[in-house]
Amino acid sequence: EALPPPRASRVRVMGDFGARWRLDQAHTAFDNTNGGFAAGLALWVDLNNPDAPFVLGLEAGVTGASNEGTLRGAYRTSLGAVVPQVGIVARWQPLDWLAPYARVAGGFGYNTWRLTPNNGGDTLGSEAFNGVGTAGLGVLVQTPRIFRRAGWRGGRLLRGVEGGMTLPGGGGITARAPPGDPDPELLPVEPTSLGTVNASGPYLRVLVGLAL
C-alpha cells in the first residue's frame, strides 16, 4: 500500500525542562546552589518553507522557575518567576533530521518572593514585574515522518538541547506583611525595600515535542 505523500510541518509544539544559574551571589539566599529548576512550553511557527535549508520562524512560550533556600539559618526563602516571551528562531537544516538553530526572545517576568521565619512567624513577601531577554543556541533532532501510515503526513518527533543566557532587569524585593487584619499584639510592619536581585545567568534546557 502506497503511503500518503509527506507534508511540510510549519508548527512545532515543545515542552522543555532544565537548569538556570544566577551570576548574582545574592541569589544564594534563595537557593544554596545559586541555581534552580525551570520548565516551560513553546510554540514555533515557521514563516517560510519548513523543509528549506534555512528557516525563519516565530516563537511564543512561557517558562516557570522556582528557587528555595535558607537565610542565616533563621528563615526559609523562596523565589518564583513565570516568564512569557515571544521571539525569533533561525534554523539551519543541513540534513533532514538535524537542525541547529539560534533564538532570541523578549518578554516580562512575574516574580514572587517569600521570607518565612523558622520560629513560625508571619511570612513576608512581595510581587514584582520586570523585563526579560533571552538568547540561545541549540540543536533539534527530528525523526522521519513516521506517522504517514496513520494519515498524519507531517508529524515528526522532536528532541533538542539549548544553552544560552537569560538577561532580565533587576527585580526589586520589598518585605510586606501578609494581607488581612494585623495582630494587635504585634508591632505593625511597614513595607521595606530590601534592594534588588539580578537574575541574569546561563541556562541549559532539554526540549521534547512534535512537528504538527
Original post:
Which of the residues that make up the stretch 60-101 are in contact with a strand residue (DSSP E or B) (Cβ under 8 Å, 6 or more places away or on another chain), farther than 17 Å from Arg10 by Cα and among the small types (Gly, Ala, Ser)?
Top reply: Gly64, Ala65, Ser66, Gly69, Ala74, Ser78, Gly80, Ala81
Original post:
Has the stretch 83-95 got any residue that is open to solvent by 70 Å² or more (accessible area, probe 1.4 Å), assigned to a strand (DSSP E or B), touching a residue at least 24 places away in the same chain (Cβ under 8 Å) and farther than 20 Å from Ala52 by Cα?
Top reply: yes
Subject >> Conditions (1) closer than 16 Å to Val197 by Cα; (2) assigned to a strand (DSSP E or B): number failed by Leu23 >> reply: (2)
Original post:
Out of (1) open to solvent by 30 Å² or more (accessible area, probe 1.4 Å); (2) on the phi < 0 side of the Ramachandran plot; (3) out of contact with any Lys or Arg (no Cβ under 9 Å at 6 or more places or on another chain), the odd one out for Ala105 is which?
Top reply: (1)
Original post:
From the list Asn32, Asn49, which residue is in contact with a strand residue (DSSP E or B) (Cβ under 8 Å, 6 or more places away or on another chain), part of a loop (DSSP other than H, G, I, E, B), open to solvent by 20 Å² or more (accessible area, probe 1.4 Å) and modelled with pLDDT under 90?
Top reply: Asn32
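Residue-wise test of (1) of a type in the set (Ser, Thr, Tyr); (2) at positive phi; (3) at pLDDT below 80.
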| residue | (1), (2), (3) |
| --- | --- |
| Tyr101 | yes, no, no |
| Thr123 | yes, no, yes |
| Thr134 | yes, no, no |
| Pro188 | no, no, yes |
Original post:
Which condition number does Leu157 fail, the rest of (1) at pLDDT 90 or above; (2) touching a strand residue (DSSP E or B) at 6+ places or on another chain (Cβ under 6 Å); (3) of a type outside the set (Val, Ile, Thr) being met?
Top reply: (2)
**OP:** Determine the pairs where a residue that is more than 17 Å from Leu207 (Cα to Cα) and surrounded by 15 or more Cβ atoms within 10 Å (Cβ to Cβ), located within the stretch 2-15, has a partner that is at pLDDT 90 or above and among the β-branched types (Val, Ile, Thr) with Cβ atoms under 8 Å apart, the partner being 6 or more residues away or on another chain.
**Re:** Arg10/Val45
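The values are calculated or read from the model by the stated rules, or taken from the named source; none is laboratory data. Every value quoted in this text rests on a predicted model; they were computed, and no experiment measured them. No Cβ is skipped: glycine too gets one built from the backbone with ideal geometry, and neighbour counts run over all protein chains shown. The protein model used for the area step is the full one, side chains on, heavy atoms only, and it has no ligands, DNA or RNA in it. Shrake-Rupley method; radii C 1.70, N 1.55, O 1.52, S 1.80 Å.
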